[in-house]
1. Given (1) within 16 Å of the ligand (Cβ to nearest atom); (2) farther than 18 Å from ALA324 by Cβ, where does VAL7 come up short, assuming only one miss?
2. Residues SER354, SER342: which one is of a type in the set (S, T, N, Q), surrounded by fewer than 24 Cβ atoms within 10 Å (Cβ to Cβ) and in contact with a helix residue (DSSP H, G or I) (Cβ under 6 Å, 6 or more places away or on another chain)?
3. Within region 296-323, count every residue that is open to solvent by less than 20 Å² (accessible area, probe 1.4 Å), within 14 Å of the ligand (Cβ to nearest atom) and part of a loop (DSSP other than H, G, I, E, B).
4. Which pairs turn up if I take residues in region 364-386 that are in a helix (DSSP H, G or I) and look for partners that are among the aliphatic types (A, V, I, L, M) and at pLDDT below 80 with beta carbon separation below 6 Å, at least 6 apart in sequence or on another chain?
5. How about region 178-217: which of its residues are of a type in the set (D, E, K, R), open to solvent by 30 Å² or more (accessible area, probe 1.4 Å) and part of a strand (DSSP E or B)?
6. Which residues, taken from region 315-330, are touching a residue at least 60 places away in the same chain (Cβ under 8 Å) and either under 28 Å from HIS174 (Cβ atoms) or of a type in the set (A, V, I, L, M, F, W, C) (or both)?
7. Looking at region 69-159, what strands (runs of 3 or more DSSP E) fall wholly within it and have at least 2 residues that are touching a strand residue (DSSP E or B) at 6+ places or on another chain (Cβ under 6 Å), under 28 Å from ALA324 (Cβ atoms) and open to solvent by 40 Å² or more (accessible area, probe 1.4 Å)?
8. For a quick check of your reading of the model, give me the residue pairs whose first member lies in region 94-113 and is farther than 20 Å from GLU51 by Cα, whose second is away from the ligand (no atom under 13 Å from the Cβ) and not in a helix (DSSP H, G or I), with beta-carbon atoms closer than 6 Å and at least 6 apart or on different chains.
Amino acid sequence: MTTTKHVLISGGGIAGPALAYWLHRHGFAATVVEKAPAPRDGGHAVDFRGEVHLSLLRSMGLLEGIERLRTGMGPMTYVDARGKRLVDSPADLFSGDVEILRGDLAGLLHERTKPFTEYVFGDSITSLTEDATGVHVTFERGAPRRFDLVVGADGIHSGVRRLAFGDEARFIKHLGLHYAIFTVPNYLGLDHAGRIYTTPGKLVSYYTARRNTEARAVFYFAAGELPHARRDTAAQRAVLREHFAGVGWESDELLRRMDQAPELFFDQIAQVKLDSWARGRVVLLGDAACCASPLSGMGTGLAMIGAYVLAGELAEAGGDHRTAFARYEAELREYAEGCQKSADGVSGFLVPKSRRMAWLLRQQQRLLPYLPGKKLIAKSVRKTAEAITLKPYAGKPVAPAGPRLVD
Ligand SMILES: Cc1cc2nc3c(=O)[nH]c(=O)nc-3n(C[C@H](O)[C@H](O)[C@H](O)COP(=O)(O)OP(=O)(O)OC[C@H]3O[C@@H](n4cnc5c(N)ncnc54)[C@H](O)[C@@H]3O)c2cc1C
């Protein structure tokens with residue numbers, strides 16, 4: 001084990017803090033630079049499923065906190081343009097063993113790691129210059145510094161990836177949809193439940209969060225790439241109005257409430273594919289390396305497993321980044337590709353292209369609880385999540401034995 005390596009992590013979302021945790025356990029120092037002024041709240045609920053995910057959360061001491069904050073969601077009900085119930089999508093069909101809001105998970109990870117991690121909020125990397133002994137890093141705000149290694153855990157539009165690997169257009173595969181999420185008061189007064197309304201090429205959803213004290217509004221829509229709306233919140237709001245004004249159900253009310261929302265999360269639905277995740281002393285992690293997209297339901301588990309493997313391989317290689325990065329990729333790549341594959345075909349199921357397809361899907365939803373296929377879907381998703389064996393790095397087992405956690 002080494003105690004001398006200092007690792008700079010760009011991105012304080014999920015993968016970055018998870019890596020800081022494991023680096024600390026192996027005796028490395030970590031600095032996390034995050035462009036937002038504080039840990040970012042917002043986002044959908046994220047699922048963990050299967051023993052690999054659960055043992056990892058248990059080893060990180062996160063399982064209790066996640067249990068406390070779990071969403072406890074009931075059914076999502078499909079409604080028509082006037083809000084009339086069409087069919088319930090059962091709660092246990094797609095959610096994992098434990099489900100938590102992404103923002104709550106980000107908060108837990110930050111709390112868990114801040115006693116031993118240097119967090120720099122409101123800044124980001126502007127240049128990386130590598131030499132034989134380290135990387136000279138300049139920042140938008142802070143003074144230049146030197147680090148032994150740099151990790152890009154800064155999400156699907158990674159700045160580190162752009163600096164070290166090139167323009168993102170080479171690595172991002174757009175899957176034909178965009179999505180937006182924001183917080184609203186639970187003005188529909190639902191109790192651990194949600195609603196989904198679809199019209200061709202569009203989906204509007206609303207579900208309660210944080211014990212019914214608030215709700216999430218979610219819009220999905222079919223569209224090609226929208227570069228003008230990438231970083232411009234006003235343009236994002238305009239795009240959402242253009243697609244959802246007057247489409248029915250609560251769309252107009254949700255658009256009205258969007259302007260008061262504390263954070264609007266808006267992005268394309270895409271995957272990230274690179275031939276290699278490392279360039280010299282720079283390596284990518286989480287969505288920056290291998291985003292599987294929200295359609296896969298695997299992105300958060302994949303990011304956290306990647307963090308465990310990357311830190312473990314660095315420890316095992318005594319801090320030799322060349323060996324460690326090659327082994328990290330060898331351990332994780334097949335698993336990451338499996339997670340990406342689980343998004344195949346999901347977009348047409350989530351956002352039907354035509355009224356006929358929407359009707360067919362509703363019939364399928366209606367029958368699903370009574371078909372043996374119900375168990376097969378859940379089983380196949382769990383199989384993907386469990387398709388990796390985590391090595392006990394530096395002689396430490398992944399997790400102490402613990403009870404299986406299933407609803
Ligand atoms: C606010 C938010 C909401 C999300 N909502 C959903 C959702 O509803 N459903 C879903 O499937 N996935 C969502 N995601 C993505 C999801 O968190 C990831 O797919 C997954 O958890 C992997 O995490 P990650 O840490 O690799 O990436 P992310 O969670 O995206 O974290 C990346 C972090 O890097 C920061 N960052 C970006 N660029 C820079 C830069 N240049 N310098 C410094 N920091 C930078 C971002 O602010 C963010 O905090 C969301 C991400 C964010 C940031």
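1. Only one criterion in (1) within 16 Å of the ligand (Cβ to nearest atom); (2) farther than 18 Å from ALA324 by Cβ is unmet by VAL7, namely (2).
2. SER342
3. Total meeting the criteria: 2.
4. LYS374/LEU368
5. ARG195, LYS202, GLU214
6. ALA315
7. 118-121, 125-130, 145-147
8. Close Cβ pairs satisfying both conditions: LEU108/LEU62.
The values are calculated or read from the model by the stated rules, or taken from the named source; none is laboratory data. Note that the coordinates shown come from a computational prediction; the quantities given were computed from them, not determined experimentally. When we count neighbours, we look across all protein chains shown, and the Cβ atoms used for this are built from the backbone with ideal geometry, even at glycine. Protein only, heavy atoms only, side chains kept; ligands, DNA and RNA dropped before computing areas. Shrake-Rupley method; radii C 1.70, N 1.55, O 1.52, S 1.80 Å.
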